[in-house]
Amino acid sequence: MSKPLISRIDQCKIIDLPIINNNRGNLSFIEADRHVPFPIKRVYYLYDVPGGAERGGHAHKLLHQLFIAMSGSFDILLDDGHAKKTIHLNRSYYGLYVCPMIWREINNFSSNAVCMVLASTYYDEEDYFRNYADFMNQVKKYE
Ligand code: TYD
């Protein structure tokens with residue numbers, strides 16, 4: 001596997017997705033290679049999240065992702081080992097791009113929240129830092 005990258009939370013950003021709006025409702029779309037800054041290899045979604053539950057709690061070595069609140073809302077805490085930022089997602093026409101080597105925690109899910117995630121690779125447990133100290137050790141190697 002390639003060496004993990006080192007990232008800054010400033011590289012994570014909100015991407016405005018197209019909205020087609022009329023009196024029949026809204027339509028948004030995502031086209032591969034046009035709206036997302038990585039090739040889309042996988043889509044997964046979190047739903048039926050019980051009140052008070054937390055997801056995430058890990059970082060990825062190489063994975064790029066785009067988070068979208070398809071319904072409801074939730075908070076995503078981003079942490080690059082130096083700085084932290086919390087982003088509230090509550091619109092299905094915003095995507096939060098999260099680059100590799102960002103620790104994230106997802107919480108404050110509203111009832112009926114659906115968090116859809118576009119991902120640049122297939123699921124691979126080897127790509128995870130699930131322990132914050134291991135993540136920090138990796139970050140410090142590059143200081
Ligand atoms: P995890 O990435 O830890 O979820 P979250 O960050 O939302 O809490 O994954 C939870 C479990 O689901 C873990 O056992 C791995 C499995 N999983 C897959 O099998 N495929 C996938 O695409 C994802 C994202 C997770």
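Odds and ends about this structure:
- Residues of segment 43-61 satisfying the condition of being under 13 Å from the mean Cα position of the chain (by Cα) and either basic (Lys, Arg) or not in a strand (DSSP E or B) (or both): Arg55
- Taken together, Asp48, Asp80, Asp75 contain a single residue that is more than 9 Å from the ligand (Cβ to nearest atom) and on the phi > 0 side of the Ramachandran plot, which is Asp48.
- Neighbours by Cβ (under 8 Å, 6+ apart or cross-chain): first from segment 115-126, assigned to a helix (DSSP H, G or I); second surrounded by fewer than 18 Cβ atoms within 10 Å (Cβ to Cβ): Glu126/Met1
- Meets criteria (part of a strand (DSSP E or B) and either within 29 Å of Ile6 (Cα to Cα) or not β-branched (Val, Ile, Thr) (or both)) for Gly81: no
Only the coordinates and a few stated rules stand behind these numbers; no lab work does. The model shown is predicted, which means the values in this text are computed figures rather than measured ones. So basically every Cβ, Gly included, is an ideal-geometry build from the backbone, and we count neighbours across all protein chains shown.
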